[in-house]
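Participant: The structure is given below, and queries will be raised subsequently.
The values are calculated or read from the model by the stated rules, or taken from the named source; none is laboratory data. For clarity, every value in this text was computed on a predicted model and none was experimentally measured. For the accessible areas, the whole protein counts, side chains as well, though only heavy atoms, and no ligand, DNA or RNA atoms are used. Shrake-Rupley method; radii C 1.70, N 1.55, O 1.52, S 1.80 Å.
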Amino acid sequence: MAGQTAGRCVAVLGGSFDPVHNGHVLLAEHFVQLLRPDELRVIPTGNPWQKHGLQASPADRVEMVRRAFDTQQVPVVIDEQEIRRASATYTIDTLRALRAELGPDVSIVFLMGADQLLHLDTWQHWKELFDYAHLCAASRPGFALAEAHVPPAVMAEFQHRRGAPQDIRSTAHGYGYLASGLAVDISSTEIRAQLQQGLRPDSLIPAGVLDYIQQQHLYQS
């Protein structure tokens, strides 16, 4: 089930980041503490097939991500491969590209919020994601990682592939991990609504990101 023994570990966090917020940062920090990866790879989406009408430009989203993750305890790489991709963005294509780039003996860990987990079975070739990476999801209030909430096929796959952090850190791919206790409930939709109303959501966005949003007059109606 699991891939071959791994030397390095790269944690991967993808998202539209429109805008990036403290929930994204806390998700990354949770698994950085748990897995101690050698690198955090942050990948802003280009043209995500399940979302339409991204409001901020790719350049603005990249800059916001750079500011949000500039204090991590591990090296951070902002990967623009999905932005450069002309076609619709699918996670399976991104993980295939990462595996080709990093080679067979690197642990690739794809990080997910629980809201993504609840729709994982709608992603293209979702079971094949395990052929290229480990999948780790963390819950937050309102998205309990319980069988009643997660699609049965997804829960069964994660139970079948359940691995401990040391297994994920030391093998290349194939494990699933469900973490609980990530106490954050933030949505980019909520933040955009506050910004459009002229509010300053200081508690929801890293300070440097909020400064950039206001300097560039983003998300204003």
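Participant: Find the accessible area per residue for the chain; the probe is 1.4 Å, ligands and nucleic acids are left out, and the unit is Å².
Facilitator: Values: 9850 Å² over 221 residues.
The answer is 45 Å² per residue.
Participant: Thinking of the stretch 176-216 as a set of Cα atoms, what percent of all their pairs are more than 15 Å apart?
Facilitator: Values: 398 of 820 pairs.
Roughly 49 percent, rounded to a whole number.
Participant: Can you tell me the orientation of helix 58-68 relative to the chain, as the angle in degrees between its alpha-carbon axis and the longest Cα principal axis, to the nearest 10?
Facilitator: 80 degrees
Participant: What's the angle, to the nearest 10 degrees (0 to 90), between helix 91-102's Cα axis and the longest principal axis of the chain?
Facilitator: It works out to around 70 degrees.
Participant: Strictly greater than 29 Å: what percent of every Cα pair in the chain meets that? Could you put the intermediate results ahead of the total?
Facilitator: Working: 5440 of 24310 pairs.
Everything past 29 Å amounts to 22 percent.
Participant: With all protein chains present, how much of the accessible area of the chain (probe radius 1.4 Å) comes from carbon and sulfur, to the nearest whole percent? Let's see the in-between values first.
Facilitator: On the way: 4780 of 9850 Å².
Looking at the chain in its full context, I get 49 percent from C and S.
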